[in-house]
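Just below is one structure, and these are the notes that go with it.
The values are calculated or read from the model by the stated rules, or taken from the named source; none is laboratory data. These figures come from a predicted structure and were not determined experimentally. Don't worry about glycine lacking a Cβ; one is built from the backbone with ideal geometry, like all the others, and counts go over all protein chains shown.
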Amino acid sequence: MRKKIFFCLIVLLCCFMLVACGFDEESEEPRRLEVARVVAIPHVHHVHWGLIYPTSGTWGTTETWGETTFVILSDGSLWGWGQNWHGRLLPGTSQFEAQFSPVKIMDNVAEVFPCRTHTAILTTEGDLLLWGDVHIMDDVTHVSTCPTGSLVLAIRSDGSLWRWGIFHWIVPLDVWGTWHEGVPMMVMEDVAYVSSNLSHTMIITSDNELWGWGDNGHGQLGNGTTEQVRPYPVKILDNVAQVYTQIYFTMALRTDNTLWAWGRNTHGQIGNGANTHQLYPVQILDRVSYVAIGDTHTMVIRDDNSLWGWRRNTNGQLGNGTNASTYYPTWIMDDVVQISVGMFHTAAIRSDGSLWMWGSNNAGQLGNGTTTTSYVPIHIMDGVAYVYAVDSRTLVITDDGRLLTWGGGILGDGIHPDERIEIGVPVEILFVEGD
(Lines give C-alpha, C1' and ligand atoms only; values in the text may rest on other atoms or scores of the structure.)
Protein backbone atom coordinates (compact mmCIF):
# COMPACT_ATOMS: atom_id res chain seq x y z
CA MET A 1 0.00 0.00 0.00
CA ARG A 2 2.81 2.39 0.89
CA LYS A 3 4.48 1.65 -2.48
CA LYS A 4 1.27 2.56 -4.34
CA ILE A 5 0.90 5.83 -2.42
CA PHE A 6 4.57 6.65 -3.04
CA PHE A 7 4.18 5.92 -6.77
CA CYS A 8 1.09 8.16 -7.01
CA LEU A 9 2.93 10.97 -5.25
CA ILE A 10 5.81 10.67 -7.72
CA VAL A 11 3.39 10.84 -10.68
CA LEU A 12 1.64 13.91 -9.24
CA LEU A 13 4.97 15.60 -8.61
CA CYS A 14 6.09 14.99 -12.21
CA CYS A 15 2.83 16.40 -13.57
CA PHE A 16 3.20 19.45 -11.36
CA MET A 17 6.74 20.03 -12.61
CA LEU A 18 5.68 19.73 -16.24
CA VAL A 19 2.93 22.30 -15.76
CA ALA A 20 5.24 24.60 -13.79
CA CYS A 21 7.77 24.46 -16.62
CA GLY A 22 5.13 25.59 -19.06
CA PHE A 23 4.76 22.30 -20.93
CA ASP A 24 1.83 22.38 -23.31
CA GLU A 25 1.31 20.06 -26.21
CA GLU A 26 -0.15 22.95 -28.15
CA SER A 27 2.56 25.48 -27.27
CA GLU A 28 4.64 24.49 -30.29
CA GLU A 29 1.74 24.86 -32.67
CA PRO A 30 1.90 27.82 -35.07
CA ARG A 31 -0.01 30.91 -34.05
CA ARG A 32 -3.43 31.27 -35.59
CA LEU A 33 -4.14 34.88 -34.81
CA GLU A 34 -6.12 36.58 -37.53
CA VAL A 35 -4.15 38.42 -40.21
CA ALA A 36 -5.12 42.09 -40.34
CA ARG A 37 -2.96 43.51 -43.13
CA VAL A 38 -0.51 42.42 -45.84
CA VAL A 39 2.06 44.66 -47.56
CA ALA A 40 4.67 43.47 -50.06
CA ILE A 41 7.49 45.26 -51.85
CA PRO A 42 7.44 44.49 -55.57
CA HIS A 43 10.65 43.53 -57.32
CA VAL A 44 12.65 46.76 -57.28
CA HIS A 45 14.56 47.59 -60.42
CA HIS A 46 17.35 49.87 -61.51
CA VAL A 47 16.04 53.13 -62.92
CA HIS A 48 17.97 54.84 -65.70
CA TRP A 49 16.59 57.68 -67.76
CA GLY A 50 13.03 56.52 -67.28
CA LEU A 51 13.68 52.87 -68.19
CA ILE A 52 12.97 50.14 -65.66
CA TYR A 53 14.55 46.71 -65.89
CA PRO A 54 15.47 43.88 -63.49
CA THR A 55 18.91 44.08 -61.92
CA SER A 56 19.57 40.42 -62.69
CA GLY A 57 17.72 37.25 -63.53
CA THR A 58 14.24 37.38 -65.01
CA TRP A 59 10.82 38.47 -63.81
CA GLY A 60 9.57 36.34 -60.93
CA THR A 61 12.96 35.01 -59.79
CA THR A 62 14.53 35.58 -56.42
CA GLU A 63 17.71 36.95 -57.98
CA THR A 64 16.08 40.33 -58.52
CA TRP A 65 15.89 42.90 -55.73
CA GLY A 66 12.77 43.37 -53.73
CA GLU A 67 10.24 40.70 -52.87
CA THR A 68 9.81 41.42 -49.19
CA THR A 69 6.49 40.76 -47.48
CA PHE A 70 5.18 42.20 -44.22
CA VAL A 71 2.12 41.04 -42.28
CA ILE A 72 0.39 42.69 -39.33
CA LEU A 73 -1.56 40.24 -37.17
CA SER A 74 -4.71 41.07 -35.26
CA ASP A 75 -2.69 41.50 -32.04
CA GLY A 76 -0.62 44.29 -33.65
CA SER A 77 2.53 42.20 -34.09
CA LEU A 78 4.56 42.75 -37.28
CA TRP A 79 6.02 39.78 -39.16
CA GLY A 80 8.01 39.57 -42.38
CA TRP A 81 9.90 37.38 -44.81
CA GLY A 82 11.72 37.60 -48.12
CA GLN A 83 14.72 39.59 -49.29
CA ASN A 84 16.62 41.67 -46.75
CA TRP A 85 18.45 44.17 -48.92
CA HIS A 86 19.88 47.01 -46.79
CA GLY A 87 18.46 45.22 -43.74
CA ARG A 88 14.97 46.50 -44.51
CA LEU A 89 13.46 43.23 -43.26
CA LEU A 90 15.62 42.68 -40.17
CA PRO A 91 17.73 45.65 -39.05
CA GLY A 92 21.33 44.82 -38.20
CA THR A 93 21.47 41.76 -40.45
CA SER A 94 23.14 41.04 -43.78
CA GLN A 95 21.50 42.31 -46.94
CA PHE A 96 21.90 38.82 -48.40
CA GLU A 97 20.20 37.06 -45.49
CA ALA A 98 16.83 36.22 -47.02
CA GLN A 99 14.12 34.75 -44.80
CA PHE A 100 11.90 31.98 -46.19
CA SER A 101 9.51 31.81 -43.22
CA PRO A 102 7.79 34.59 -41.24
CA VAL A 103 9.99 36.26 -38.61
CA LYS A 104 8.49 38.36 -35.86
CA ILE A 105 9.84 41.92 -35.94
CA MET A 106 8.00 43.92 -33.26
CA ASP A 107 4.67 44.58 -31.53
CA ASN A 108 2.18 47.47 -31.44
CA VAL A 109 2.28 48.19 -35.19
CA ALA A 110 -0.57 50.00 -36.93
CA GLU A 111 0.91 50.39 -40.42
CA VAL A 112 4.09 49.46 -42.27
CA PHE A 113 5.53 51.38 -45.23
CA PRO A 114 8.34 49.48 -46.98
CA CYS A 115 10.81 51.22 -49.28
CA ARG A 116 13.82 50.24 -51.38
CA THR A 117 16.45 50.83 -48.70
CA HIS A 118 14.50 50.95 -45.45
CA THR A 119 11.15 50.38 -43.78
CA ALA A 120 8.99 52.93 -41.98
CA ILE A 121 6.64 51.81 -39.21
CA LEU A 122 3.70 53.65 -37.68
CA THR A 123 2.95 52.37 -34.18
CA THR A 124 -0.46 52.14 -32.57
CA GLU A 125 0.47 55.24 -30.53
CA GLY A 126 1.22 57.32 -33.62
CA ASP A 127 5.03 57.15 -33.41
CA LEU A 128 6.92 56.97 -36.71
CA LEU A 129 9.95 54.68 -36.61
CA LEU A 130 12.53 53.73 -39.18
CA TRP A 131 12.59 50.17 -38.14
CA GLY A 132 12.07 49.51 -34.49
CA ASP A 133 15.00 51.46 -33.11
CA VAL A 134 15.09 54.88 -34.80
CA HIS A 135 12.38 57.25 -33.63
CA ILE A 136 11.69 59.99 -36.19
CA MET A 137 8.64 61.84 -34.87
CA ASP A 138 5.38 61.31 -33.03
CA ASP A 139 1.77 62.24 -33.67
CA VAL A 140 1.88 60.89 -37.26
CA THR A 141 -1.33 59.97 -39.11
CA HIS A 142 -0.13 59.05 -42.61
CA VAL A 143 3.13 58.09 -44.36
CA SER A 144 4.10 57.82 -48.02
CA THR A 145 7.26 56.14 -49.29
CA CYS A 146 8.49 55.58 -52.84
CA PRO A 147 9.50 51.92 -53.40
CA THR A 148 12.25 52.88 -55.89
CA GLY A 149 13.65 55.78 -53.88
CA SER A 150 14.72 56.71 -50.38
CA LEU A 151 12.28 59.50 -49.68
CA VAL A 152 9.79 59.55 -46.80
CA LEU A 153 6.85 61.92 -46.43
CA ALA A 154 4.78 62.05 -43.24
CA ILE A 155 1.62 63.91 -42.21
CA ARG A 156 1.16 64.80 -38.57
CA SER A 157 -2.19 65.24 -36.81
CA ASP A 158 -1.93 69.03 -37.14
CA GLY A 159 -1.92 68.67 -40.95
CA SER A 160 1.75 69.53 -41.44
CA LEU A 161 3.66 67.61 -44.14
CA TRP A 162 7.28 66.62 -43.47
CA ARG A 163 9.88 65.02 -45.73
CA TRP A 164 13.43 63.69 -45.56
CA GLY A 165 15.80 61.41 -47.44
CA ILE A 166 16.73 61.38 -51.10
CA PHE A 167 15.18 60.40 -54.38
CA HIS A 168 17.36 57.92 -56.21
CA TRP A 169 18.78 58.21 -59.73
CA ILE A 170 16.31 60.58 -61.36
CA VAL A 171 15.40 63.95 -59.81
CA PRO A 172 14.64 64.59 -56.15
CA LEU A 173 10.98 64.84 -55.25
CA ASP A 174 12.03 67.30 -52.59
CA VAL A 175 13.46 69.86 -54.98
CA TRP A 176 13.45 72.72 -52.49
CA GLY A 177 17.05 73.53 -53.40
CA THR A 178 18.62 70.40 -51.82
CA TRP A 179 19.25 66.89 -53.09
CA HIS A 180 18.77 65.24 -49.73
CA GLU A 181 18.14 65.93 -46.08
CA GLY A 182 19.07 63.78 -43.09
CA VAL A 183 16.46 65.32 -40.80
CA PRO A 184 12.72 65.95 -41.31
CA MET A 185 11.84 69.28 -42.91
CA MET A 186 8.33 70.71 -43.03
CA VAL A 187 7.01 71.18 -46.56
CA MET A 188 3.56 72.70 -46.08
CA GLU A 189 0.56 72.78 -43.79
CA ASP A 190 -3.10 71.81 -44.01
CA VAL A 191 -2.36 68.46 -45.72
CA ALA A 192 -4.79 65.52 -45.45
CA TYR A 193 -3.17 63.00 -47.81
CA VAL A 194 0.08 62.55 -49.77
CA SER A 195 1.08 60.18 -52.60
CA SER A 196 4.55 59.96 -54.19
CA ASN A 197 6.04 57.83 -56.93
CA LEU A 198 8.98 57.66 -59.29
CA SER A 199 8.80 61.23 -60.53
CA HIS A 200 6.42 63.44 -58.57
CA THR A 201 4.36 64.08 -55.44
CA MET A 202 0.68 64.98 -55.10
CA ILE A 203 -1.09 66.13 -51.93
CA ILE A 204 -4.72 66.72 -50.96
CA THR A 205 -5.44 69.52 -48.53
CA SER A 206 -8.09 69.41 -45.81
CA ASP A 207 -10.51 71.25 -48.11
CA ASN A 208 -9.96 68.72 -50.94
CA GLU A 209 -7.63 70.80 -53.09
CA LEU A 210 -5.06 68.87 -55.13
CA TRP A 211 -1.49 70.21 -55.36
CA GLY A 212 1.61 68.73 -56.96
CA TRP A 213 5.33 69.16 -57.59
CA GLY A 214 8.38 67.35 -58.94
CA ASP A 215 9.27 66.07 -62.41
CA ASN A 216 6.77 67.07 -65.10
CA GLY A 217 8.40 65.89 -68.33
CA HIS A 218 5.28 63.97 -69.37
CA GLY A 219 2.67 66.35 -67.98
CA GLN A 220 2.12 64.21 -64.88
CA LEU A 221 1.47 67.27 -62.73
CA GLY A 222 -1.51 68.23 -64.88
CA ASN A 223 -0.76 71.97 -65.00
CA GLY A 224 -0.75 72.17 -68.80
CA THR A 225 3.03 72.18 -69.23
CA THR A 226 5.91 69.73 -69.60
CA GLU A 227 8.46 71.75 -67.67
CA GLN A 228 11.11 69.27 -66.55
CA VAL A 229 10.95 70.10 -62.85
CA ARG A 230 8.37 72.00 -60.84
CA PRO A 231 10.19 72.78 -57.56
CA TYR A 232 7.20 74.18 -55.66
CA PRO A 233 3.58 73.04 -55.20
CA VAL A 234 1.11 74.04 -57.90
CA LYS A 235 -2.65 73.74 -57.55
CA ILE A 236 -4.25 71.26 -59.96
CA LEU A 237 -7.87 70.50 -59.03
CA ASP A 238 -10.62 71.13 -56.48
CA ASN A 239 -12.94 68.60 -54.85
CA VAL A 240 -10.47 65.69 -54.85
CA ALA A 241 -11.09 62.75 -52.51
CA GLN A 242 -8.18 60.46 -53.52
CA VAL A 243 -5.08 60.67 -55.69
CA TYR A 244 -2.87 57.96 -57.22
CA THR A 245 0.64 58.79 -58.45
CA GLN A 246 2.12 56.33 -60.92
CA ILE A 247 5.21 56.31 -63.14
CA TYR A 248 4.80 59.55 -65.11
CA PHE A 249 1.00 59.76 -64.84
CA THR A 250 -1.61 60.60 -62.21
CA MET A 251 -5.21 59.67 -61.45
CA ALA A 252 -7.59 61.44 -59.09
CA LEU A 253 -10.98 60.44 -57.72
CA ARG A 254 -13.09 63.50 -57.05
CA THR A 255 -15.77 63.93 -54.40
CA ASP A 256 -18.51 63.38 -56.99
CA ASN A 257 -16.98 59.93 -57.75
CA THR A 258 -15.67 60.94 -61.17
CA LEU A 259 -12.24 59.60 -62.15
CA TRP A 260 -9.76 61.97 -63.79
CA ALA A 261 -6.32 61.27 -65.27
CA TRP A 262 -3.36 63.02 -66.90
CA GLY A 263 0.30 62.59 -67.86
CA ARG A 264 2.10 59.97 -69.92
CA ASN A 265 -0.20 58.04 -72.21
CA THR A 266 2.08 56.00 -74.48
CA HIS A 267 0.26 52.74 -73.69
CA GLY A 268 -3.18 54.12 -72.99
CA GLN A 269 -2.51 54.72 -69.29
CA ILE A 270 -4.98 57.60 -69.14
CA GLY A 271 -7.93 55.62 -70.51
CA ASN A 272 -9.27 58.39 -72.74
CA GLY A 273 -9.08 56.35 -75.96
CA ALA A 274 -5.83 57.93 -77.14
CA ASN A 275 -2.09 57.26 -76.77
CA THR A 276 -0.80 60.82 -76.64
CA HIS A 277 0.29 62.56 -73.44
CA GLN A 278 -2.45 64.39 -71.54
CA LEU A 279 -1.24 67.69 -70.02
CA TYR A 280 -4.51 68.61 -68.28
CA PRO A 281 -6.85 66.48 -66.15
CA VAL A 282 -9.49 64.74 -68.27
CA GLN A 283 -12.52 62.85 -66.97
CA ILE A 284 -12.41 59.10 -67.66
CA LEU A 285 -15.39 57.58 -65.83
CA ASP A 286 -18.18 58.52 -63.44
CA ARG A 287 -19.66 56.60 -60.51
CA VAL A 288 -16.27 55.19 -59.51
CA SER A 289 -15.86 53.70 -56.03
CA TYR A 290 -12.46 51.94 -56.17
CA VAL A 291 -9.30 52.18 -58.30
CA ALA A 292 -6.42 49.66 -58.63
CA ILE A 293 -3.46 50.72 -60.77
CA GLY A 294 -0.69 48.29 -61.65
CA ASP A 295 2.47 48.38 -63.72
CA THR A 296 0.66 47.32 -66.88
CA HIS A 297 -3.08 47.77 -66.38
CA THR A 298 -5.77 49.64 -64.47
CA MET A 299 -8.97 48.23 -62.97
CA VAL A 300 -11.91 50.22 -61.60
CA ILE A 301 -15.00 49.25 -59.61
CA ARG A 302 -18.05 51.44 -60.15
CA ASP A 303 -20.85 52.10 -57.67
CA ASP A 304 -22.96 49.28 -59.15
CA ASN A 305 -20.08 46.84 -58.43
CA SER A 306 -19.27 46.45 -62.13
CA LEU A 307 -15.58 46.01 -62.97
CA TRP A 308 -13.88 47.90 -65.79
CA GLY A 309 -10.29 47.82 -67.09
CA TRP A 310 -7.90 49.23 -69.69
CA ARG A 311 -4.23 49.58 -70.79
CA ARG A 312 -2.00 46.65 -71.70
CA ASN A 313 -3.48 43.20 -72.13
CA THR A 314 -0.66 41.09 -73.59
CA ASN A 315 -1.18 38.37 -70.97
CA GLY A 316 -4.94 38.63 -70.70
CA GLN A 317 -4.65 40.68 -67.50
CA LEU A 318 -7.78 42.68 -68.38
CA GLY A 319 -9.93 39.54 -68.43
CA ASN A 320 -12.02 40.55 -71.45
CA GLY A 321 -11.43 37.29 -73.34
CA THR A 322 -8.62 38.61 -75.55
CA ASN A 323 -4.97 39.65 -75.34
CA ALA A 324 -5.54 42.90 -77.22
CA SER A 325 -4.77 46.09 -75.31
CA THR A 326 -7.41 48.79 -75.01
CA TYR A 327 -7.07 52.55 -74.53
CA TYR A 328 -10.49 53.06 -72.97
CA PRO A 329 -12.43 51.44 -70.08
CA THR A 330 -13.89 48.04 -70.96
CA TRP A 331 -16.47 46.13 -68.94
CA ILE A 332 -15.10 42.90 -67.41
CA MET A 333 -17.62 41.47 -64.93
CA ASP A 334 -20.26 42.38 -62.32
CA ASP A 335 -20.75 41.94 -58.57
CA VAL A 336 -17.14 42.83 -57.64
CA VAL A 337 -16.36 44.30 -54.21
CA GLN A 338 -12.54 44.22 -54.22
CA ILE A 339 -9.83 44.15 -56.89
CA SER A 340 -6.05 43.82 -56.86
CA VAL A 341 -3.57 43.85 -59.76
CA GLY A 342 -0.18 42.17 -60.06
CA MET A 343 2.38 42.60 -62.81
CA PHE A 344 0.42 40.65 -65.44
CA HIS A 345 -2.47 39.11 -63.48
CA THR A 346 -5.61 40.28 -61.71
CA ALA A 347 -7.63 39.10 -58.70
CA ALA A 348 -11.20 40.02 -57.80
CA ILE A 349 -13.51 39.22 -54.90
CA ARG A 350 -17.25 39.11 -55.51
CA SER A 351 -19.94 39.94 -52.96
CA ASP A 352 -20.36 36.28 -52.00
CA GLY A 353 -16.68 36.04 -50.96
CA SER A 354 -15.62 34.06 -54.03
CA LEU A 355 -12.19 34.73 -55.54
CA TRP A 356 -11.80 35.06 -59.31
CA MET A 357 -8.51 35.44 -61.17
CA TRP A 358 -7.16 35.85 -64.69
CA GLY A 359 -4.08 36.82 -66.71
CA SER A 360 -0.56 35.46 -66.72
CA ASN A 361 -0.02 32.20 -64.88
CA ASN A 362 3.63 31.40 -65.65
CA ALA A 363 4.45 31.09 -61.94
CA GLY A 364 1.11 29.66 -60.86
CA GLN A 365 -0.09 33.05 -59.62
CA LEU A 366 -3.70 32.27 -60.52
CA GLY A 367 -3.79 29.48 -57.93
CA ASN A 368 -5.62 26.90 -60.00
CA GLY A 369 -2.81 24.33 -59.96
CA THR A 370 -1.68 25.04 -63.53
CA THR A 371 0.61 27.44 -65.39
CA THR A 372 -1.89 28.15 -68.14
CA THR A 373 -2.74 31.78 -68.86
CA SER A 374 -6.43 32.68 -68.66
CA TYR A 375 -7.98 35.49 -70.70
CA VAL A 376 -11.24 35.32 -68.72
CA PRO A 377 -12.01 35.29 -64.98
CA ILE A 378 -11.89 31.82 -63.41
CA HIS A 379 -13.23 30.82 -60.00
CA ILE A 380 -10.46 29.88 -57.55
CA MET A 381 -11.97 29.56 -54.08
CA ASP A 382 -14.63 30.81 -51.66
CA GLY A 383 -14.51 32.40 -48.22
CA VAL A 384 -12.06 35.18 -49.12
CA ALA A 385 -12.10 38.49 -47.24
CA TYR A 386 -9.12 40.23 -48.87
CA VAL A 387 -6.78 39.65 -51.83
CA TYR A 388 -3.38 41.16 -52.60
CA ALA A 389 -1.69 40.57 -55.97
CA VAL A 390 1.94 41.63 -56.41
CA ASP A 391 4.41 40.77 -59.17
CA SER A 392 3.78 37.06 -59.90
CA ARG A 393 2.36 36.25 -56.44
CA THR A 394 -1.06 36.30 -54.82
CA LEU A 395 -1.92 36.51 -51.12
CA VAL A 396 -5.39 36.20 -49.61
CA ILE A 397 -6.85 36.63 -46.15
CA THR A 398 -9.71 34.21 -45.58
CA ASP A 399 -12.93 34.88 -43.71
CA ASP A 400 -11.46 33.25 -40.60
CA GLY A 401 -8.25 35.33 -40.73
CA ARG A 402 -5.85 32.79 -42.26
CA LEU A 403 -3.20 33.86 -44.78
CA LEU A 404 -2.87 31.84 -47.97
CA THR A 405 -0.45 32.49 -50.82
CA TRP A 406 0.71 31.03 -54.14
CA GLY A 407 2.71 31.92 -57.22
CA GLY A 408 6.38 32.75 -57.74
CA GLY A 409 9.16 33.96 -55.49
CA ILE A 410 9.50 33.65 -51.73
CA LEU A 411 6.04 32.62 -50.51
CA GLY A 412 6.87 32.43 -46.80
CA ASP A 413 6.20 28.72 -46.30
CA GLY A 414 9.85 27.90 -45.57
CA ILE A 415 10.62 26.53 -49.02
CA HIS A 416 13.28 28.04 -51.28
CA PRO A 417 11.70 28.96 -54.65
CA ASP A 418 14.20 26.78 -56.51
CA GLU A 419 13.16 23.75 -54.43
CA ARG A 420 9.41 24.13 -54.82
CA ILE A 421 7.73 21.06 -56.32
CA GLU A 422 4.07 22.07 -56.52
CA ILE A 423 3.27 25.29 -58.31
CA GLY A 424 0.06 27.29 -58.29
CA VAL A 425 -1.29 25.56 -55.19
CA PRO A 426 -2.40 27.72 -52.21
CA VAL A 427 -0.30 27.24 -49.07
CA GLU A 428 -1.08 28.56 -45.59
CA ILE A 429 1.49 30.85 -43.98
CA LEU A 430 2.00 30.07 -40.28
CA PHE A 431 3.43 32.34 -37.62
CA VAL A 432 5.66 30.64 -35.04
CA GLU A 433 7.19 32.46 -32.09
CA GLY A 434 10.95 32.00 -31.73
CA ASP A 435 12.75 30.91 -28.58
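Looking at the range 337-379 only, could you name the residues that are without any contact (Cβ under 8 Å) to a residue 40 or more places away in the chain and β-branched (Val, Ile, Thr)?
Val337, Ile349, Thr372, Ile378
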**Request:** Can you give me the number of residues within the range 154-213 that are of a type in the set (Ser, Thr, Tyr), at pLDDT 95 or above and either under 22 Å from Thr255 (Cβ atoms) or not in a loop (DSSP other than H, G, I, E, B) (or both)?
**Result:** 3
**Message:** Tell me whether the range 313-321 contains one or more residues that are part of a strand (DSSP E or B), touching a residue at least 40 places away in the same chain (Cβ under 8 Å) and not hydroxyl-bearing (Ser, Thr, Tyr).
**Reply:** no
**Asked** Among the numbered criteria (1) modelled with pLDDT of 95 or more; (2) surrounded by fewer than 23 Cβ atoms within 10 Å (Cβ to Cβ); (3) assigned to a strand (DSSP E or B), which single criterion is violated by Asp352?
**Response** (3)
**Prompt:** Restricting attention to the range 216-228, does a residue exist that is part of a strand (DSSP E or B) and either surrounded by 24 or more Cβ atoms within 10 Å (Cβ to Cβ) or hydrophobic (A, V, I, L, M, F, W, C) (or both)?
**Reply:** no
**Request:** Go through the residues of the range 390-401 one by one and say whether even a single one is out of contact with any Pro (no Cβ under 9 Å at 6 or more places or on another chain), of a type in the set (Lys, Arg) and crowded, with 20+ Cβ neighbours inside 10 Å.
**Result:** yes
**Message:** Checking the structure you have, find out if any residue of the range 223-237 is within 24 Å of Arg254 (Cα to Cα), aliphatic (A, V, I, L, M) and at pLDDT below 95.
**Reply:** yes
**Asked** Would it be correct to say that Val300 is in a strand (DSSP E or B) and surrounded by fewer than 23 Cβ atoms within 10 Å (Cβ to Cβ)?
**Response** no
**Prompt:** Which residue pairs have Cβ atoms under 6 Å apart, sit 6 or more places apart or on different chains, and have a first residue in the range 399-424 that is closer than 22 Å to His345 by Cα and a second that is assigned to a loop (DSSP other than H, G, I, E, B) and charged (D, E, K, R)?
**Reply:** Gly409/Glu67; Ile410/Glu67
**Request:** Take Gly309 and decide whether it is part of a strand (DSSP E or B), in contact (Cβ under 8 Å) with a residue 12 or more places away in the chain and of a type in the set (Gly, Ala, Ser).
**Result:** yes
**Request:** Return the residue satisfying two criteria in turn: it lies in the range 68-85 and is of a type in the set (A, V, I, L, M, F, W, C) and surrounded by fewer than 22 Cβ atoms within 10 Å (Cβ to Cβ), and of such residues it is farthest from the chain's Cα centre (by Cα).
**Result:** Trp85
**Item:** Scan of the range 243-265 for residues that are of a type in the set (Val, Ile, Thr) and within 12 Å of Gly219 (Cα to Cα), ordered by number
**Value:** Ile247, Thr250
**Item:** Conditions (1) under 19 Å from Ser195 (Cβ atoms); (2) free of Cβ contacts under 8 Å to residues at least 24 places away in the same chain; number of the one not met by Thr266
**Value:** (1)
**Request:** Select from the range 313-349 the residues that are surrounded by fewer than 18 Cβ atoms within 10 Å (Cβ to Cβ), within 25 Å of Gln283 (Cβ to Cβ) and small (Gly, Ala, Ser) and write down the one among them that is farthest from the chain's Cα centre (by Cα).
**Result:** Ala324
**Single unsatisfied condition, Val291 versus (1) touching a residue at least 40 places away in the same chain (Cβ under 8 Å); (2) under 23 Å from Gly408 (Cβ atoms); (3) among the aliphatic types (A, V, I, L, M); (4) assigned to a strand (DSSP E or B)** = (2)
**Prompt:** Counting only residues that are more than 19 Å from the chain's Cα centre (by Cα) and modelled with pLDDT of 90 or more, which one in the range 121-153 is nearest to Ala110 (Cα to Cα)?
**Reply:** Thr124
**Request:** Those residues that are modelled with pLDDT under 95 and surrounded by fewer than 22 Cβ atoms within 10 Å (Cβ to Cβ), I need them from the range 245-263; list them, please.
**Result:** Gln246, Ile247
**Message:** Quick check on the range 237-253: of everything there that is among the β-branched types (Val, Ile, Thr) and outside any loop (DSSP other than H, G, I, E, B), which residue is nearest to the chain's Cα centre (by Cα)?
**Reply:** Thr245
**Request:** Consider Gln283 carefully, then state whether it is surrounded by 23 or more Cβ atoms within 10 Å (Cβ to Cβ) and at pLDDT 95 or above.
**Result:** no
**Message:** Filter the range 368-390 down to the residues that are in contact with a Gly (Cβ under 6 Å, 6 or more places away or on another chain) and under 25 Å from Gly80 (Cβ atoms) and list them by number.
**Reply:** Val384, Ala389, Val390
